[in-house]
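**Student:** Take this structure, written in structure tokens, and hold onto it; I'll ask about it next.
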Amino acid sequence: MIKEMSLADLDKVVELEKELFKEDAWKIAEYKSEFDNPLAKLFVYKENDEIISYGGIWCLYENADITTIGVNSKYQGQGYGQMMLKHMLSYAKEHNVENVHLEVRVSNIKAINLYKKNGFEIVRIRKSYYEDNNEDAYDMMKGLL
């Protein structure tokens, strides 16, 4: 079951984040600042105290930004990313969001395919978005109306 992330989840989420995203991984301070941000909401899916997936979203008026989404590498390809994405899209709809945005590395084909499967479209390329190797990002959007 997906639930709101708690401070008690942070160490495990940050550990998973480092494993998944290496140099781009959010630090614990960045996650803690999300807890203080009234626009932000963080979620986790856990089984037997193991974090399977996590995600974050900001909702501001008619727009939302998916800030992070990750799936434990042991469980990738089993629908957990889809489940988390659907949960965050439902959360956005509940908050009267009209458009959901996200950025994704142009090389992250698995994530791009997941987003396209869920109705996201590439709206632009953000040049040198990722600092670690100057990789571009796709800015993707989905309308919820």
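The values are calculated or read from the model by the stated rules, or taken from the named source; none is laboratory data. If you're wondering where the values come from, they're calculated on a predicted model, not measured in any experiment. A quick note on method: Cβ atoms are made from the backbone with ideal geometry, for glycine too, and the neighbour counts reach across all protein chains shown. Side chains are part of the model used for accessible areas, which takes the heavy atoms of the whole protein and leaves out ligands, DNA and RNA. Shrake-Rupley method; radii C 1.70, N 1.55, O 1.52, S 1.80 Å.
**Student:** Given the conditions (1) exposed (fewer than 15 other Cβ atoms within 10 Å of the Cβ); (2) over 15 Å from the mean Cα position of the chain (by Cα); (3) at pLDDT 95 or above, which single one is not true for N134?
**Tutor:** (3) is the only condition that N134 fails.
**Student:** Quick check on region 32-57: of everything there that is in contact with a Lys or Arg (Cβ under 9 Å, 6 or more places away or on another chain) and not in a strand (DSSP E or B), which residue is most open to solvent (accessible area, probe 1.4 Å)?
**Tutor:** Once the filter is applied, the top-ranked residue is D49.
**Student:** Look through K110, K127, K74 and report the one residue that is over 16 Å from the mean Cα position of the chain (by Cα) and part of a helix (DSSP H, G or I).
**Tutor:** K74
**Student:** Could you list, in sequence order, all residues of region 58-79 that are open to solvent by less than 40 Å² (accessible area, probe 1.4 Å) and under 15 Å from V13 (Cβ atoms)?
**Tutor:** Scanning region 58-79 gives T68, I69, G70, V71, N72.
**Student:** Another question, then. Which of the residues that make up region 106-122 are touching a residue at least 12 places away in the same chain (Cβ under 8 Å), open to solvent by less than 100 Å² (accessible area, probe 1.4 Å) and either in contact with a Phe, Trp or Tyr (Cβ under 8 Å, 6 or more places away or on another chain) or under 15 Å from G81 (Cα atoms) (or both)?
**Tutor:** V106, A111, I112, L114, Y115, N118, G119, F120, I122
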